[in-house]
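In what follows, a single structure is set out as C-alpha cells and then discussed.
What follows draws every value from the coordinates through simple rules; no lab data is involved. It should be emphasised that the depicted structure is a prediction, and the values quoted were computed from it without experimental measurement. In this analysis, Cβ positions are derived from the backbone assuming ideal geometry, glycine residues included, and neighbour counts consider all displayed protein chains.
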Amino acid sequence: MIDKDSLIMEECIEYSKRYSGLTKSNPKVGSALVDKNGDIVKISAHKSFGSKHAEIELLDEVQDLAKGGKIYLTLEPCSTTGKTPPCVDRLIDSGVKEVVIGLLDPNPNNYFGGTKKLIDAGIKVKLGVSAIKAAELIEDFIKSQQSDIPYIRAKLAMSMDGIIATKTGESQWITDETSRVAVHKLRSEVGAVMTGIGTVHSDDPTLNSRVGDVIAQPTRVILDSKLSIAHRSSIVKTAKDIDTVVFVNEDVEDERVKYFTNFGVKVIKVAKGEDGYLDIYQVLKTLKQMNIIDIMIEAGSTLLGTFKDRDLIDRYHIFLAPMIIGGSSSMRAVSGLGSSELSNIDRFLSYTYKKINNDIYIDGKQKDYIQEIVSKTYEVRDRLCLQD
Ligand code: AOF
Ligand code: ZN
C-alpha cells in the first residue's frame, strides 16, 4: 500500500502539471503544507517562467501557518539567486519543522545546496519520496541540463499494421474521439508541437489543445523550407493568438517573410541540412534557445523518419486503432531510411499500455534521462539517513 507521504507527493506532482507549458525552461514543481493529521492545508505550484518558485507561492499563501508545520516539495529548494532569490532561506525563516522532498535538483548550481542548508538549520528532511515520479515530471528539464536540444516526443496515431493513411490518402479518422482528446491533453502539456509543411497542406491542422480548461497552448512549429504555407491555413489564421514559429531556408525572400510576420507568424531562417531541407539540429537548438525544452512531433512519415533515422526521439506516444488497413501504397507511420539490421534497433527501454475506449495507447520510452539523478537522490538519502 502506498504510504501517506508518497500519496501527498503524488498529489503535488499532479497539481504542478496544471502549469505545464507555462514554466517553459524552468521545471514543473509542486508544493503542499499539511496539518497535524497529515491532511493538505494548501497545495501550490510554480506557475510560470520567471515567477515565484513553488515553495514561495505556498509560503505566501499560508503565511504563519507554516510555523512548526510540514511541507512537501517535488524538487529540493533552490539555494542560489537566479531570476528569484534562494527559496531555502525563505523556508528556514518560515519556521517550518519538516520538509519532505521528492528529488534533488539536476541543475548543478542548485544540486544538494538547499537540502544541506535545511539539514544544517536543524529542519527535519525526508528525501527521495516518489523520486521516480518526481523525476518523470521534469524529464524535459533534466535533459535540458545536459543537452542543447529539447526533449523530443513523437505522437503516432495509426492502424494495428502501422498505417496512417489509406492508398487514396484518407486519414481522418483512424483513431477514435477519445484518443484524439488524449492527444489534445498531451498538447497542453508540452512546450511545442512540431509538424512538416506536408501535413499542413494535406490536413490543415490547428495544432492547438481543445480540451477542458487549458491554460497554456503549445507553440506551433512548422518546418517549411520554402515558406509555402498558405495564408488561409488554420495555422496562419490563428497565429495572432497562438505562438507560431515557421522555420525556413536562408534563401527565402525577406519580403515573403515579412508578409507572414504581419499575420503574427515568427519566421526563422536556418541553413540547409545535408538532405537539402532544413538543418534539423539547428532547428532544435534554436527552439531550446527560445526556452522550449519539450516538443512533440505530430507529423507525416517523412519528418518522423528523419527524426528516427537520426535517433532523436526520446519517447513515443502511440495510439493504435483496432483495424488493419494494408496495401503496399498506403502511408506508413515512419519512413526515412529505416534500419537494415534488427540487432541495431534499440527496443523501448520501458513502456506502459492501456485501452482508451476502443483504441490502445502505448507510452514508450526510447531514452532515459532520469536514472542518474534518481540514483544520486537515493544515494544521498541513504548516506545521510533521510528516510524517516
Ligand atoms: C523554478 N520553480 O518552483 C523551483 C525551481 O531562474 P530562477 O530563479 O527562476 O531559478 C531557476 C532554478 O531554480 C531552476 O533551474 C531550478 O534549479 C530551481 N528550482 N525553479 O522555476 C521552482 N523550485
Ligand atoms: Zn527556488
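Within the range 28-55, being in contact with a strand residue (DSSP E or B) (Cβ under 6 Å, 6 or more places away or on another chain) and not β-branched (Val, Ile, Thr) holds for Gly30, Ser31, Ala32, Leu33, Asp35, Lys42, Ser44, Ala45, Ala54, Glu55. Residues in the range 336-388 that are basic (Lys, Arg) and not in a strand (DSSP E or B) were compared, and the one that is nearest to Ala154 (Cα to Cα) is Lys367.
Just so you know, in the range 14-44 the residues that are surrounded by 24 or more Cβ atoms within 10 Å (Cβ to Cβ) and within 18 Å of Leu104 (Cα to Cα) include one that is farthest from ligand 1 (Cβ to nearest atom), and it is Ala32. Assessment of the range 50-61 against the conditions (crowded, with 22+ Cβ neighbours inside 10 Å, under 24 Å from Gln387 (Cβ atoms) and more than 10 Å from ligand 1 (Cβ to nearest atom)) yields no matching residue. When restricted to residues that are within 14 Å of ligand 2 (Cβ to nearest atom) and either crowded, with 19+ Cβ neighbours inside 10 Å or polar (S, T, N, Q) (or both), the range 62-89 contains 14. I'd like to check something: does the range 3-16 contain any residue that is under 22 Å from Lys143 (Cα atoms), out of contact with any strand residue (DSSP E or B) (no Cβ under 8 Å at 6 or more places or on another chain), of a type in the set (Ser, Thr, Tyr) and touching a residue at least 24 places away in the same chain (Cβ under 8 Å)? Within the range 3-16 (the criterion being under 22 Å from Lys143 (Cα atoms), out of contact with any strand residue (DSSP E or B) (no Cβ under 8 Å at 6 or more places or on another chain), of a type in the set (Ser, Thr, Tyr) and touching a residue at least 24 places away in the same chain (Cβ under 8 Å)), the answer is no, since none of the residues qualifies.
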